[in-house]
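Below you'll find the structure, written out as structure tokens, and then a few comments.
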Amino acid sequence: MSLLPLAEYVAETLDVGPGTRVFEVGCGDGAFLLPLHDNGYIVGGIDGDPDAIAQASAAMPHGIFQVGVDAALDPGVPWDVVICRFFGTRSELTAIASEADQMRGLLARMFAKATHAIAVLDVPEEKRQWMLHALAEIGANAIQMEQPKFASQEYVFHVFARV
């Protein structure tokens with residue numbers, strides 16, 4: 001499945017373009033980042049699967065990829081936009097989603113790392129109120145939640161928050 005429509009939708013929603021630095025938590029093989037890379041964005045990501053990171057690095061040799069869990073996300077190295085997709089092949093993100101404190105910590109690290117905005121994609125509908133509360137706790141503003149045009153699951157929404 002091509003992630004080009006989703007990548008374009010995220011870029012348009014966040015009002016970013018080529019040259020923007022986009023970092024994905026749980027990036028896997030970089031499938032979401034590839035269309036952005038091909039259109040002149042600077043991309044990077046972190047994932048716990050070394051084979052997936054090797055694939056991302058091979059597909060995007062100028063990308064900045066690292067093997068690690070999202071708890072290793074370093075907010076001291078800023079990126080314009082930090083993204084994570086809630087579902088998909090990243091089972092560690094799905095597992096974290098069940099642990100509210102860990103997910104809140106991930107959101108806080110994403111927010112600290114981003115200089116422009118964060119996006120959390122494919123969030124289950126039952127997490128809507130929790131997500132609003134967690135984002136308010138970490139100081140996010142201009143929070144936008146919407147039903148996606150390109151959803152990988154039914155009954156999900158996307159969250160965008162400006163830093």
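In segment 50-70, what count of residues is obtained for those that are within 20 Å of Leu121 (Cβ to Cβ) and at pLDDT below 95?
2
This table checks each residue for (1) among the hydrophobic types (A, V, I, L, M, F, W, C); (2) farther than 22 Å from Gln102 by Cα; (3) in contact with a Ser or Thr (Cβ under 8 Å, 6 or more places away or on another chain).
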site: Gly19; (1), (2), (3): no, yes, no
site: Pro35; (1), (2), (3): no, yes, yes
site: Ile42; (1), (2), (3): yes, yes, yes
site: Asp47; (1), (2), (3): no, no, no
site: Ser57; (1), (2), (3): no, yes, no
site: His62; (1), (2), (3): no, yes, no
site: Gln66; (1), (2), (3): no, no, no
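Determine whether Phe32 is closer than 15 Å to Lys113 by Cα and touching a residue at least 40 places away in the same chain (Cβ under 8 Å).
Working: closer than 15 Å to Lys113 by Cα: no; touching a residue at least 40 places away in the same chain (Cβ under 8 Å): yes.
Taking the combined requirement at face value, the residue does not satisfy it.
Quick check on segment 49-56. Is at least one of its residues surrounded by fewer than 19 Cβ atoms within 10 Å (Cβ to Cβ) and touching a residue at least 24 places away in the same chain (Cβ under 8 Å)?
Yes, segment 49-56 contains at least one residue that is surrounded by fewer than 19 Cβ atoms within 10 Å (Cβ to Cβ) and touching a residue at least 24 places away in the same chain (Cβ under 8 Å).
Going through segment 125-163 one residue at a time, which ones are modelled with pLDDT under 80 and exposed (fewer than 15 other Cβ atoms within 10 Å of the Cβ)?
If the condition is that a residue be modelled with pLDDT under 80 and exposed (fewer than 15 other Cβ atoms within 10 Å of the Cβ), then Lys149, Gln153, Glu154, Tyr155 are the ones that fit.
Being under 12 Å from the mean Cα position of the chain (by Cα), at pLDDT 90 or above and surrounded by 17 or more Cβ atoms within 10 Å (Cβ to Cβ) narrows it down to one of Arg85, Arg109, so name that one. Working first, answer last.
Values: Arg85 fails: at pLDDT 90 or above.
Criteria check complete, one pass: Arg109.
When you look at Pro78, is it at pLDDT below 85 and of a type outside the set (D, E, K, R), yes or no?
So Pro78 does not fit the description; no.
Taking segment 22-41, which residues are surrounded by fewer than 22 Cβ atoms within 10 Å (Cβ to Cβ) and within 20 Å of Arg109 (Cα to Cα)?
Gly28
Report the residue count in segment 35-79 for those that are closer than 22 Å to Tyr9 by Cα and out of contact with any Gly (no Cβ under 9 Å at 6 or more places or on another chain).
Total satisfying the criteria: 3.
The values are calculated or read from the model by the stated rules, or taken from the named source; none is laboratory data. Note that the structure is a prediction, hence the values are computed from the model and not measured. Here Cβ is always computed from backbone atoms with ideal geometry, including for glycine, and neighbour counts include all displayed protein chains.
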